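Let me begin by presenting the structure, written as structure tokens, before commenting on it.
The values are calculated or read from the model by the stated rules, or taken from the named source; none is laboratory data. Keep in mind that what you see is a predicted model, and the values were worked out from it rather than measured. Glycine gets a Cβ as well: all are built from the backbone with ideal geometry, and neighbour counts include every protein chain shown.
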């Protein structure tokens with residue numbers, strides 16, 4: 001970290017030596033050359049005046065010949081030393097200025113500032129490597145929920161973009177190569193408050209290196225990685241990477257959920273989606289009939305196989321089948337943006353269309369053309385760029401999928417509310433009616449707002465009052481927690497989704513369930529319900545009121561008075 | 001043979017010898033202590049200090065520290081000299097000379113430490 005000073009000193013060594021030597025030489029010469037005082041006596045300049053003269057000479061300030069006018073011999077000496085010392089002086093100054101502007105020097109300064117900021121971090125934080133489309137969506141999503149984030153990216157323009165972004169929290173960002181462990185440590189990998197590392201760069205090898213560095217240097221933290229190939233995925237799993245996310249598979253699974261279990265899809269959108277959105281009506285895609293998939297890249301392929309698993313035989317439209325490969329079934333060569341190709345693919349009898357190319361303009365064009373040819377078509381659009389949100393809204397597709405946000409939301413759930421991830425995993429095995437009734441229940445209690453989801457643990461940290469009461473043998477049930485601590489007749493507007501007790505999960509626990517020490521609970525509901533519940537959890541008096549309905553005296557004097565009153569009444 | 005070590009060793013030892021040359025003589029007799037000698041001591045000490053800039057070893061850091069001490073002492077002596085001769089106008093009285101020489105004596109001690117450290121380093125790293 002002190003590299004900068006050493007660098008500066010090492011660079012300044014030569015200019016300073018030269019400066020010193022010219023000054024010493026000029027000063028010495030001035031004291032040796034005889035001069036004349038005002039009345040013509042021979043006079044030798046002393047060191048004091050000589051140094052004074054050389055100082056203002058070399059900096060080109062030039063106060064004149066002092067204390068007496070110089071003789072010609074002195075002037076000759078001054079001519080030589082003037083040119084020498086002025087040149088050296090400028091050389092030294094220029095060297096210092098170029099050092100300040102030096103790239104490596106500036107980089108060292110920024111790194112130092114960054115590392116110092118991270119060292120003083122007070123809140124738990126996550127390190128996100130790669131601030132691309134997915135990275136920025138994840139950072140936004142996490143900061144919206146008041147989580148601290150640190151980012152590293154190799155491109156300076158992305159870091160600049162982050163600074164322009166209007167985020168709720170300050171996000172320290174460093175332009176550096178995350179493959180080098182030093183930079184990860186600067187970003188706080190070894191910091192005790194570091195909770196997780198997310199590797200989201202689009203290079204598999206880089207993600208692998210980040211994962212292995214993190215697991216070796218800080219084994220307890222969560223490591224989440226993006227991987228494009230199953231080979232790398234297996235490699236990452238071998239050393240204990242906690243979660244590996246394949247964007248193409250994730251996207252296809254998302255689409256399959258939408259087709260197969262619309263209720264579950266809506267539930268997922270509500271609980272795990274981004275908070276700005278309004279509650280959306282459930283959509284019901286046709287489960288059979290003729291489907292067209294435009295684009296057979298990595299996304300298209302994953303979608304194609306998913307649809308086939310659902311028993312649908314889609315027709316693929318692909319512009320460059322030589323490059324992407326061809327499906328086993330029917331395929332048409334073409335971009336899908338022209339009516340002819342779509343006609344050929346059978347748009348007139350189609351029930352569904354997936355516009356899944358990697359170009360937003362092409363996808364929109366496909367949708368517009370298809371809508372003209374067939375009016376009641378179920379349209380799934382893939383949106384690659386977040387900036388195009390408005391035009392996708394205007395195009396009015398039935399489902400718009402933005403792969404980056406899907407992945408960002410998934411990671412955010414894994415980091416912030418891991419119980420929700422468990423809950424969604426278990427919900428997949430439930431019947432469609434079960435999900436639909438839950439969706440209705442949530443919709444009834446929340447009107448049009450998207451629900452907030454929070455989890456808590458019954459321990460000394462997040463539920464002091466409840467934890468201590470349980471330790472003293474009192475019984476606290478879930479229904480007690482659901483009471484409003486300002487009026488226990490009212491219920492808080494939230495729904496308990498899951499209790500996790502020593503690793504076993506209970507879905508939608510009944511209100512009569514008793515709470516045990518170290519339980520982990522997952523709720524969804526209005527955000528202010530979470531704040532109110534925290535009162536009951538942390539404050540003894542609020543908990544007492546919620547449990548018994550009476551307000552106990554809080555101070556020592558009032559307790560004494562009450563005890564006396566009770567005795568008198570007896 | 002490392003040329004950097006030669007140059008540095010030369011200046012460190014020269015700083016000590018010049019310093020000693022200025023220091024010897026009767027303490028309060030200005031005739032025994034010449035101003036040019038003091039000038040040379042200051043310049044050579046400054047060179048030795050600058051030569052140690054940017055050395056990241058422990059020994060380099062300690063040598064930089066002793067050189068800085070010597071330079072500080074010598075600059076104090078120079079200021080006392082300039083003040084006595086040019087500002088107060090009292091000239092080099094025995095009291096002033098004694099204080100200048102004692103300051104340079106302190107600088108000499110720092111220079112002795114430098115040379116001792118240099119010798120230790122040389123003995124320990126016989127390369």
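Results, tabulated for the structure shown:
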quantity	calculated
Test set (1) more than 14 Å from chain A (Cβ to nearest Cβ); (2) crowded, with 20+ Cβ neighbours inside 10 Å - residue B:81 fails condition number	(1)
Members of the stretch A:100-110 that are surrounded by 15 or more Cβ atoms within 10 Å (Cβ to Cβ) and within 13 Å of residue A:9 (Cα to Cα)	A:105
Criterion violated by residue A:479 - all others in (1) at pLDDT below 85; (2) part of a helix (DSSP H, G or I); (3) out of contact with any helix residue (DSSP H, G or I) (no Cβ under 7 Å at 6 or more places or on another chain) satisfied	(1)
Positions within the stretch A:235-252 being crowded, with 20+ Cβ neighbours inside 10 Å and within 19 Å of the chain's Cα centre (by Cα), in sequence order	A:241, A:244, A:245, A:246, A:247
Helices (runs of 4 or more DSSP H) completely within the stretch B:8-127 that count 2 or more residues being in contact (Cβ under 8 Å) with a residue 24 or more places away in the chain and over 21 Å from residue A:18 (Cα atoms)	B:58-82, B:94-124
Residue list for the stretch A:540-570, restricted to those being touching a residue at least 12 places away in the same chain (Cβ under 8 Å) and surrounded by fewer than 16 Cβ atoms within 10 Å (Cβ to Cβ)	A:540, A:541, A:549, A:554
Selection count where residues are assigned to a helix (DSSP H, G or I), farther than 18 Å from residue A:252 by Cα and either in the same structural domain as residue A:497 (by TED's automatic domain parsing) or under 24 Å from the mean Cα position of the chain (by Cα) (or both), scope the stretch A:387-431	14
Test: residue A:475 is within 19 Å of residue A:540 (Cα to Cα) and under 36 Å from the mean Cα position of the chain (by Cα)	no
Selection within the stretch A:30-63 - touching a helix residue (DSSP H, G or I) at 6+ places or on another chain (Cβ under 9 Å) and assigned to a loop (DSSP other than H, G, I, E, B)	A:33, A:45, A:46, A:59, A:60, A:61, A:62, A:63
Residue list for the stretch A:492-538, filter: surrounded by fewer than 16 Cβ atoms within 10 Å (Cβ to Cβ) and closer than 16 Å to residue A:475 by Cα	A:510, A:511, A:512, A:514, A:516, A:517, A:518
Only one of A:343, A:269, A:313 that is farther than 30 Å from residue A:498 by Cα, part of a helix (DSSP H, G or I) and not assigned by TED's automatic domain parsing to the domain that holds residue A:227	A:343
Hits in the stretch A:360-386 - residues which are crowded, with 22+ Cβ neighbours inside 10 Å and within 25 Å of the chain's Cα centre (by Cα)	A:382, A:383
Test: residue in the stretch B:11-22 that is modelled with pLDDT of 90 or more and within 11 Å of chain A (Cβ to nearest Cβ)	yes
Candidate set: the stretch A:27-50, residues that are within 15 Å of residue B:43 (Cβ to Cβ) and within 11 Å of chain B (Cβ to nearest Cβ); chosen: the one surrounded by the most Cβ atoms within 10 Å (Cβ to Cβ)	A:27
The lone exception for residue A:90 - which of (1) within 30 Å of residue B:64 (Cα to Cα); (2) within 14 Å of another protein chain (Cβ to nearest Cβ) it fails	(2)
Flag for residue B:86 being within 29 Å of residue B:7 (Cβ to Cβ), within 14 Å of another protein chain (Cβ to nearest Cβ), surrounded by fewer than 16 Cβ atoms within 10 Å (Cβ to Cβ) and touching a helix residue (DSSP H, G or I) at 6+ places or on another chain (Cβ under 9 Å)	no
Test: residue in the stretch B:52-70 that is within 12 Å of chain A (Cβ to nearest Cβ), within 26 Å of residue A:45 (Cβ to Cβ) and surrounded by 15 or more Cβ atoms within 10 Å (Cβ to Cβ)	no
Hits in the stretch A:14-29 (condition: within 17 Å of residue A:88 (Cα to Cα) and in contact with a helix residue (DSSP H, G or I) (Cβ under 6 Å, 6 or more places away or on another chain))	A:15, A:16, A:17, A:18, A:19, A:20, A:22, A:23, A:24, A:26, A:27
Search result, residues across the stretch A:216-231 that are part of a helix (DSSP H, G or I) and either at positive phi or within 19 Å of the chain's Cα centre (by Cα) (or both)	none
Subset of the stretch A:271-301 (residues that are crowded, with 21+ Cβ neighbours inside 10 Å and modelled with pLDDT of 80 or more)	A:271, A:291, A:292, A:293, A:294, A:295, A:296, A:300
Residue under evaluation residue A:7, criteria (1) at the interface with chain B (Cβ under 10 Å from one of its Cβ atoms); (2) out of contact with any helix residue (DSSP H, G or I) (no Cβ under 8 Å at 6 or more places or on another chain), criterion not met	(2)
Single unsatisfied condition, residue A:68 versus (1) closer than 18 Å to residue B:85 by Cβ; (2) within 14 Å of chain B (Cβ to nearest Cβ)	(2)
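Table: residues versus (1) in the same structural domain as residue A:479 (by TED's automatic domain parsing); (2) out of contact with any helix residue (DSSP H, G or I) (no Cβ under 9 Å at 6 or more places or on another chain); (3) part of a loop (DSSP other than H, G, I, E, B); (4) closer than 17 Å to residue A:459 by Cβ.
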{"residue": "A:500", "(1), (2), (3), (4)": "yes, no, no, yes"}
{"residue": "A:505", "(1), (2), (3), (4)": "yes, no, no, no"}
{"residue": "A:509", "(1), (2), (3), (4)": "yes, no, yes, no"}
{"residue": "A:512", "(1), (2), (3), (4)": "yes, no, yes, no"}
{"residue": "A:516", "(1), (2), (3), (4)": "yes, no, yes, yes"}
{"residue": "A:522", "(1), (2), (3), (4)": "yes, no, no, yes"}
{"residue": "A:528", "(1), (2), (3), (4)": "yes, yes, no, no"}
{"residue": "A:531", "(1), (2), (3), (4)": "yes, yes, no, no"}
{"residue": "A:534", "(1), (2), (3), (4)": "yes, yes, no, yes"}
